[in-house]
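In what follows, a single structure is set out as structure tokens and then discussed.
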Amino acid sequence: MNKPRLAAYTTLTMIAFAGNSLFCRMALKETSIDPVSFTSVRLLSGAFMLWLLMRWQRQAPLAHGSWRSALTLFLYALTLSFAYRSIGTGAGALMLFGAVQATMIIAGFISGERMTAVQTIGFAAALAGLVILVSPGVEAPSLLDSVLMLASGIAWGMYSLFGRGLSNPAATTAGNFLRAAPITLALSLFAIPWLQLDAQGVLYALLSGAVSSALGYVLWYRVLQNLRAMTASTVQLSAPLLASVGGILLLGESLTRDLLVASVLILGGIWLVLRYGKH
């Protein structure tokens, strides 16, 4: 893949990743759709899109993936939807990304990996940034929604750990989404008395599931084949920033001092961990 095309695909992928946070926040803030309905539409549309892609490529997605990964995928999506009831787009994306990276770093530590002094400083800075985001303040989200967002990041971190070293990541993603579909359907049936659909909210959920999630993940796996591991890890730091910009431009969210400081601490700290790790 030539460099201009690689740069374009990478940019589109990061916009898609940021779009997941933006679509979710837009739906929960600007429409009357409930978190369970948003989650269900997102996962079902993503599963359908990935199923179509696998059929087109003549692959059997259910031959890949696992119920363990499907459950963590479902938990990530559900807690994300509930968390974005009160959390701003940028702050939520930062909390999610920080929790994902912290989960993977801690998992590495448990498995025997050790950080250098610079990495330790970076990890501590990232944790400090997360503390700033969830600390009580005039514009702070509710404690429950903050916990849910961190739980969403932990679930996605576990999902990422389960998917390391896959030979066919696109088909595995499709298999996981298809397995998550009956789980989210079961939840929706249980929650029927509280479900509240909204045409615009459903549209945002469809875009999040079929485009930002399904197509975004498949495009990312193609990009990964042409990027070095360090480059791939570093470029993901742009997703929370893009989400913040989207929240400011589309939702009128403000760039507060706490959000700016937390951004520097979290993204800068994680960059130090990635940059000075063993490769």
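The values are calculated or read from the model by the stated rules, or taken from the named source; none is laboratory data. Quick caveat, the model's predicted, so the values are computed rather than measured. All Cβ positions, glycine included, derive from the backbone under ideal geometry; neighbour counts span all protein chains shown.
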Kindly check whether there is at least one residue in the range 55-70 that is at pLDDT 95 or above, closer than 13 Å to Ser213 by Cα and either of a type outside the set (Ser, Thr, Tyr) or buried (at least 22 other Cβ atoms within 10 Å of the Cβ) (or both).
no
Only one of Leu148, Leu144 is over 21 Å from Leu50 (Cα atoms), out of contact with any Cys (no Cβ under 9 Å at 6 or more places or on another chain) and either crowded, with 18+ Cβ neighbours inside 10 Å or among the aromatic types (Phe, Trp, Tyr) (or both); which?
Leu148
On the basis of being closer than 19 Å to Lys29 by Cβ, over 16 Å from the mean Cα position of the chain (by Cα) and of a type in the set (Val, Ile, Thr), does Ile248 make the cut?
yes
Cross-chain or 6+ apart pairs with Cβ under 7 Å, the range 118-132 first and touching a residue at least 40 places away in the same chain (Cβ under 8 Å) and more than 16 Å from Ser263 (Cβ to Cβ), then surrounded by 20 or more Cβ atoms within 10 Å (Cβ to Cβ) and of a type outside the set (A, V, I, L, M, F, W, C)
Phe123/Gly269
Which residues, taken from the range 97-121, are surrounded by 18 or more Cβ atoms within 10 Å (Cβ to Cβ), touching a Phe, Trp or Tyr at 6+ places or on another chain (Cβ under 7 Å) and not polar (S, T, N, Q)?
Val100, Ile105, Met115
Would you call Ala8 surrounded by fewer than 24 Cβ atoms within 10 Å (Cβ to Cβ) and of a type in the set (Gly, Ala, Ser)?
yes
Candidate set: the range 173-229, residues that are of a type in the set (Ser, Thr, Tyr) and farther than 11 Å from Phe38 by Cα; chosen: the one surrounded by the most Cβ atoms within 10 Å (Cβ to Cβ)
Thr173
Looking only at the range 153-162, decide whether some residue is hydrophobic (A, V, I, L, M, F, W, C), part of a helix (DSSP H, G or I) and crowded, with 23+ Cβ neighbours inside 10 Å.
yes
